[in-house]
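Trainee: Pasting a structure here, questions to come.
The values are calculated or read from the model by the stated rules, or taken from the named source; none is laboratory data. Every value quoted in this text rests on a predicted model; they were computed, and no experiment measured them. Cβ coordinates were reconstructed from backbone atoms using ideal geometry, including for glycine residues, and neighbour counts include every protein chain displayed. All accessible areas refer to the heavy atoms of the entire protein, side chains included, with ligands and DNA or RNA removed. Shrake-Rupley method; radii C 1.70, N 1.55, O 1.52, S 1.80 Å.
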Amino acid sequence: MKPAPLIVGAGPAGIRAAATLVRAGLRPVVVDEAPAPGGQIYRQPLVPDGRSPEARYGSEAGKAQRLHAEFAGLLNRIDYRPETLVWNLGQGAADLMHAEKTTRLAYDGLLLAAGATDRILPFPGWTTSGVFTLGGAQIALKAQGVSIGERVVFAGSGPLLYLVAWQYLTAGVRVAGVLECAPFSAKFNLVQGFFHEPRTVLLGLRYAAALRMAGVPMRFGASDLAVAGETRVTGIGWQEGRRKYHLACDAIGFALGLKPETQLADLAGCAFAFSPRDCAHLPTRDGAGRSSVAGTYIAGDGAGIMGADAAERAGERAALALIEDRALPFDAARAILLEKQLATMSRFRDAMAKAFPFPEDWSIADETLICRCEEIAAGEARAAIRQFGSTEINRLKAVSRLGMGRCQGRVCGAGIAEILAEESGQSLAAVGRLRGQAPVKPVPLTLLDTLPEAAE
Amino acid sequence: MSLFKRLIRMDQPPIGFFLDGKAVEGRAGDTVLTAILTNADAVRASDVSKNPRAGFCQMGACQDCWVTLENGERLRACTTLLTAGLRVVTGRAA
Ligand code: FES
């Protein structure tokens with residue numbers, strides 16, 4: 001008998017993919033790192049905390065409840081493995097770690113729905129206690145019911161900036177300011193976005209309006225962020241043009257949009273190409289979600305940032321492709337409809353990428369740490385680039401310790417690429433991407449010793 | 001001084017654990033990160049400069065929040081559920 005298909009991730013894409021495979025009579029294995037399904041956006045608390053779905057998920061409460069219920073209905077028809085990490089894969093098998101034990105699972109068909117993490121570029125003091133990613137600040141509030149501080153500044157760019165600030169405000173936390181790194185003029189692209197997805201744009205405008213009504217300072221074109229405080233955050237400084245500003249605060253949420261989690265696609269051998277819209281190297285795929293490797297499909301934000309609604313559709317579409325490729329009956333009309341919807345959403349995402357552009361000239365001072373794991377400063381990175389004449393990011397990794405720390409380049413990757421591009425006079429596309437390596441997240445060394453041999 | 005402020009789950013049963021030998025409390029449903037940061041303003045000292053760190057991503061991605069226990073074991077605070085009697089060493093005790 002053929003092994004079951006493997007779905008990695010139980011967020012919107014993974015859940016819809018699982019439901020679709022089940023409908024076709026398959027029984028997928030669904031592996032997810034979290035203890036409960038939903039992904040980051042529809043993440044559930046560890047224990048019931050008395051809050052209603054509306055209080056937790058706001059405007060998206062209906063979708064969260066629908067997906068949670070849909071997944072609950074699948075439980076006895078799938079092989080669900082929560083709190084499980086896929087730390088290595090290739091050649092039709094995945095190494096899974098659960099409860100400090102590792103097992104190997106053979107699969108036939110791999111659907112990666114690994115999601116995204118916050119995209120970070122370093123600035124002075126970004127490793128100070130009290131600076132968190134926007135996603136982290138949101139998880140603290142949504143899943144744990146805590147705020148990251150009592151007087152919080154949110155900085156960076158992306159729709160999440162306003163959403164998280166608004167969620168904190170609504171929860172009764174003092175929001176000391178919202179510092180958007182993109183210029184105000186970029187926001188005119190929202191008009192274009194409105195044309196494709198009026199609801200999303202209106203929600204965003206509502207958040208911004210509520211923040212303004214509450215008297216929260218909202219600034220645009222903020223550059224040269226710098227954290228004040230020795231042992232913990234006491235404030236944040238920034239510049240607008242040549243003018244310098246400062247706000248007192250005790251915590252900061254920061255991110256510049258999102259970055260797809262692509263390490264597993266890399267281990268699976270998928271071809272990558274540079275995506276100008278996401279400013280990142282992403283696995284290539286066709287409109288259905290087929291990667292360059294037969295039997296490997298990619299869906300959701302892990303394939304390119306499109307948001308949760310698109311992730312649901314991409315998950316379903318990729319599952320239909322898997323079903324079709326297995327020569328099972330599949331709903332071709334549905335597949336066409338999904339691709340059409342995804343195409344519209346992609347045009348919306350084009351507008352959003354322009355409304356929240358990735359900063360073009362993020363200057364990183366020599367003293368600023370670029371790698372928070374191994375504490376390597378930008379100046380050391382520049383010295384290594386000059387000394388070894390590095391032009392490619394993996395070569396640079398080999399001669400320095402950059403991107404080798406515990407985070408495997410998840411946090412520092414964008415910053416290293418930025419510095420290497422600048423130092424070597426190349427584009428971000430030309431410096432390449434940090435290749436994924438097993439284990440994709442830390443695994444106890446004792447486990448690696450007991451393995452028969454790593455999947456190659 | 002604590003970094004995090006608890007907004008809800010105030011009346012969940014308390015769970016006792018130890019921070020640098022001192023008895024403190026978290027709440028049922030806390031991650032180890034939440035439990036520590038509602039009592040202190042860092043979870044560990046960084047590897048090289050020994051500067052205070054408090055985690056970053058809170059979603060198991062950045063690996064900034066690995067803490068050490070008195071018995072030498074290590075755990076990732078933001079993805080581990082708090083259990084009673086945990087003895088965490090932040091290495092930050094004065
Ligand atoms: S805070 Fe990033 S892994 Fe825990």
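Trainee: Mind checking which residues of region A:297-316 are part of a helix (DSSP H, G or I) and closer than 20 Å to A:Leu110 by Cβ?
Mentor: Of everything in region A:297-316, those that are part of a helix (DSSP H, G or I) and closer than 20 Å to A:Leu110 by Cβ turn out to be A:Gly300, A:Asp301, A:Gly302, A:Ala303, A:Ala311, A:Glu312, A:Arg313, A:Ala314, A:Gly315, A:Glu316.
Trainee: Follow-up question, since we're still on this one. Looking for whichever is more than 24 Å from the chain's Cα centre (by Cα) and either surrounded by 16 or more Cβ atoms within 10 Å (Cβ to Cβ) or farther than 22 Å from B:Leu82 by Cα (or both) here; the options are A:Gly58, A:Gly92. Which one fits?
Mentor: Selected residue: A:Gly92, the only one of A:Gly58, A:Gly92 that is more than 24 Å from the chain's Cα centre (by Cα) and either surrounded by 16 or more Cβ atoms within 10 Å (Cβ to Cβ) or farther than 22 Å from B:Leu82 by Cα (or both).
Trainee: Still on this structure: If you check B:Gly72, B:Gly29, which single one turns out to be more than 7 Å from every other protein chain (Cβ to nearest Cβ), of a type outside the set (Asp, Glu), on the phi > 0 side of the Ramachandran plot and in a loop (DSSP other than H, G, I, E, B)?
Mentor: Answer to the selection: B:Gly72.
Trainee: Being open to solvent by 30 Å² or more (accessible area, probe 1.4 Å), at the interface with another protein chain (Cβ under 10 Å from one of its Cβ atoms) and either on the phi > 0 side of the Ramachandran plot or among the basic types (Lys, Arg) (or both) is the filter here, so list the residues in region B:2-26 that pass it.
Mentor: Scanning region B:2-26 gives B:Lys5, B:Arg6.
Trainee: Return the only residue of A:Arg81, A:Arg43, A:Arg77 being open to solvent by 30 Å² or more (accessible area, probe 1.4 Å), in contact with a Lys or Arg (Cβ under 7 Å, 6 or more places away or on another chain), in contact (Cβ under 8 Å) with a residue 40 or more places away in the chain and away from chain B (no Cβ under 14 Å).
Mentor: Being open to solvent by 30 Å² or more (accessible area, probe 1.4 Å), in contact with a Lys or Arg (Cβ under 7 Å, 6 or more places away or on another chain), in contact (Cβ under 8 Å) with a residue 40 or more places away in the chain and away from chain B (no Cβ under 14 Å) holds for just one of A:Arg81, A:Arg43, A:Arg77, which is A:Arg77.
Trainee: Residues being under 10 Å from A:Cys371 (Cα atoms) and not small (Gly, Ala, Ser): count how many of those fall in region A:386-405.
Mentor: Residues flagged as under 10 Å from A:Cys371 (Cα atoms) and not small (Gly, Ala, Ser) within region A:386-405 amount to 3.
To keep it simple, each residue is scored yes or no on (1) aliphatic (A, V, I, L, M); (2) under 30 Å from A:Gly269 (Cβ atoms).
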residue	(1), (2)
A:Pro53	no, no
A:Glu60	no, no
A:Ala72	yes, no
A:Asp79	no, yes
A:Gly92	no, yes
A:Leu121	yes, yes
A:Leu134	yes, no
A:Ile139	yes, no
A:Ala155	yes, no
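Trainee: Could you pull out the residue among B:Gly60, B:Gly91 that is outside any strand (DSSP E or B) and more than 9 Å from chain A (Cβ to nearest Cβ)?
Mentor: B:Gly91
Trainee: Here's something else I'd like to know. Name the single residue, out of those in region A:225-277 being acidic (Asp, Glu) and modelled with pLDDT of 95 or more, that is nearest to A:Val152 (Cα to Cα).
Mentor: Result: A:Asp250.
Trainee: Would you mind stating whether A:Ser424 is open to solvent by less than 20 Å² (accessible area, probe 1.4 Å) and among the hydroxyl-bearing types (Ser, Thr, Tyr)?
Mentor: When the stated conditions are applied, A:Ser424 does not pass them.
Trainee: Here's another thing I want to ask about it. Would you say A:Val201 is farther than 22 Å from A:Leu121 by Cβ and assigned to a helix (DSSP H, G or I)?
Mentor: Yes; evaluated as a whole, the condition is true for this residue.
For (1) open to solvent by 30 Å² or more (accessible area, probe 1.4 Å); (2) in a strand (DSSP E or B); (3) free of Cβ contacts under 8 Å to residues at least 24 places away in the same chain, each residue gets a yes or a no:
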position: A:Gln239; (1), (2), (3): yes, yes, yes
position: A:Tyr245; (1), (2), (3): yes, yes, no
position: A:Phe254; (1), (2), (3): no, yes, no
position: A:Asp266; (1), (2), (3): no, no, no
position: A:Gly269; (1), (2), (3): yes, no, no
position: A:Asp278; (1), (2), (3): no, no, no
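Trainee: Also: Sort through B:Thr34, B:Thr90, B:Thr80 and tell me the only one that's of a type outside the set (Asp, Glu) and away from the ligand (no atom under 14 Å from the Cβ).
Mentor: Only one candidate qualifies: B:Thr90.
Trainee: If you go through region B:43-60 one residue at a time, how many are within 12 Å of the ligand (Cβ to nearest atom) and either under 18 Å from A:Leu46 (Cβ atoms) or open to solvent by less than 10 Å² (accessible area, probe 1.4 Å) (or both)?
Mentor: 9
Trainee: Across region A:130-146, what is the number of residues that are outside any helix (DSSP H, G or I) and either of a type in the set (A, V, I, L, M, F, W, C) or more than 11 Å from the ligand (Cβ to nearest atom) (or both)?
Mentor: Qualifying residue count for the region: 5.
Trainee: Just checking, which of A:Gly125, A:Gly156 is away from the ligand (no atom under 16 Å from the Cβ), buried (at least 20 other Cβ atoms within 10 Å of the Cβ) and in a loop (DSSP other than H, G, I, E, B)?
Mentor: Selected residue: A:Gly125, the only one of A:Gly125, A:Gly156 that is away from the ligand (no atom under 16 Å from the Cβ), buried (at least 20 other Cβ atoms within 10 Å of the Cβ) and in a loop (DSSP other than H, G, I, E, B).
Condition check ((1) assigned to a helix (DSSP H, G or I); (2) in contact with a strand residue (DSSP E or B) (Cβ under 7 Å, 6 or more places away or on another chain)) across all residues:
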| position | (1), (2) |
| --- | --- |
| A:Arg349 | yes, no |
| A:Ala381 | yes, yes |
| A:Val440 | no, yes |
| A:Val443 | no, yes |
